[in-house]
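Beneath this line is the structure, given in structure tokens, with notes to follow.
The values are calculated or read from the model by the stated rules, or taken from the named source; none is laboratory data. Computed from a predicted structure; not experimentally measured. Here the Cβ positions follow ideal geometry from the backbone for every residue, glycine too, while neighbour counts run over all protein chains shown. The protein model used for the area step is the full one, side chains on, heavy atoms only, and it has no ligands, DNA or RNA in it. Shrake-Rupley method; radii C 1.70, N 1.55, O 1.52, S 1.80 Å.
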Amino acid sequence: DYYKVEERILEVPAFPEIKEFYPDLYNEILTDTRAAILRGGNIDEIIAENGQQLAALLQNDLPMASPEATSAFITSFIRVFEKAGDRDPGCCVDLINGDDRCMWSLMSPAEKDDILRAIGLIIRSAHTAPAKLTDEKQAKRDVGRISSDVVAKYGPEIDYTAQSELSEEEKKKVCFAIADLYSSTLKLPPKRSSDAIKYLLSGPGEQQQQ
């Protein structure tokens, strides 16, 4: 039974990297999901039950991920915000506030695989070829310019940090504004794009959006 459980988990992208680089966490996941798998649980259940752990790994490893891994993840993440804008604007508010549970239900199986493969790339690159933010001053300039363009497009009156009460229409605007914000970072040269994303996801970058 143990080997059956492990075989199922290792079929899910990102979990082989978790096993390799976070063995203690992997063993916890193996124990926690064993019952679900043995009763016939599918991959969606495995992902849903471990979403918070995946989010914690991202927070830890994204600052050291390669430009390629960063770009792959943000490309997938943009699609999540666009889908949320069309189907469930409240999901954007949840994501901004650190709750990713709604995200998985919005994605097709192929989209889930894409974002999990990107998370696997982030984990592997952060541990084998770490790449720190290289030029914070340039990143600050890039994020400032992009943020100003987004605010000009969607309006300065909206709380893009989603810390205050938003109407459904405002939530929808926030979804597409965040998607535009990240899409614009991907138009920069790869190293600058990676730096801008890392800066944007750090404390100073988040404050820049306000």
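What ranking of C175, C102 comes out by heavy-atom accessible area, probe 1.4 Å, highest first? Don't skip to the end; give the middle numbers.
Details: C175 0, C102 25 Å².
Correct descending sequence by accessible area is C102, C175.
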Seminar exercise, completed: hull vol. (C-alpha, convex hull) per residue for the chain, Å³ -> 114
Problem set entry | Rg in Å to one decimal, and Dmax rounded to a whole Å, for segment 29-91 via C-alpha atoms | 14.8, 40
Exercise. Ratio of Rg to Rh for segment 63-185, alpha carbon only, Kirkwood?
Worked result: 0.99
For this session: Name the lysines eligible as straight-distance cross-link partners of K173: C-alpha to C-alpha under 18 Å, and not fewer than 8 places from it in the same chain.
Result: K83, K153
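Normalised by the residues of segment 122-210, what does the relative contact order come to in percent, with Cα pairs under 8 Å and at least six apart? Write out the running numbers ahead of the final one.
Details: 59 pairs, mean separation 41.2, N = 89.
Across segment 122-210, relative contact order equals 46 percent.
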Exercise. Taking the Cβ of Y22 as the center, what net charge do the other residues with Cβ under 11 Å away carry, scoring Lys and Arg +1 and Asp and Glu -1?
Worked result: -4
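Using unit Cβ charges (K, R positive; D, E negative) and no other charged atoms, how large, in debye to the nearest 20, is the dipole of the chain about its Cα centre? All intermediate terms of the calculation are to be shown ahead of the outcome.
Values: 25 positive and 36 negative charges, 151 e Å.
Using Cβ point charges on Lys, Arg, Asp and Glu, the chain gives about 720 debye.
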Seminar exercise, completed: Partner aspartates and glutamates whose C-alpha sits under 18 Å from that of K191, ignoring same-chain residues fewer than 8 away, are D61, E68, D135, E136, D142
Seminar exercise, completed: Share of accessible surface on carbon and sulfur in segment 107-176, whole %, 1.4 Å probe and ligands ignored, is 52
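Considering only protein heavy atoms, what per residue accessible area in square angstrom results for the chain with a 1.4 angstrom probe?
Working: 10580 Å² over 210 residues.
Spelled out: the 1.4 Å probe surface of the chain, per residue, equals 50 Å².
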Exercise. Assigning unit charges at the beta carbon (Lys, Arg +1; Asp, Glu -1) and nothing else, what dipole magnitude in debye, to the nearest 20, does segment 120-210 show about its Cα centre?
Worked result: 620
For this session: Could you check which residue among A162, A35, A72 shows the biggest mean-square fluctuation in a GNM of the chain with a 10 Å Cα cutoff?
Result: A35
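Sorted by accessible area (1.4 Å probe), largest first, how do E136, E6, E49 line up?
On the way: E136 110, E6 25, E49 90 Å².
Sorted by accessible area, descending: E136, E49, E6.
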Problem set entry | Net charge dipole size for segment 36-124 [Lys, Arg +1 and Asp, Glu -1 on Cβ; Debye, nearest 20] | 140
For this session: Give the ranking of E169, E45 by solvent-accessible surface, highest area first, calculated with a 1.4 Å probe.
Result: E169, E45
For this session: Mind checking which of L121, I78, P189 is farthest towards the positive end of the chain's charge dipole, using Cβ charges of +1 (Lys, Arg) and -1 (Asp, Glu) about the Cα centre?
Result: P189
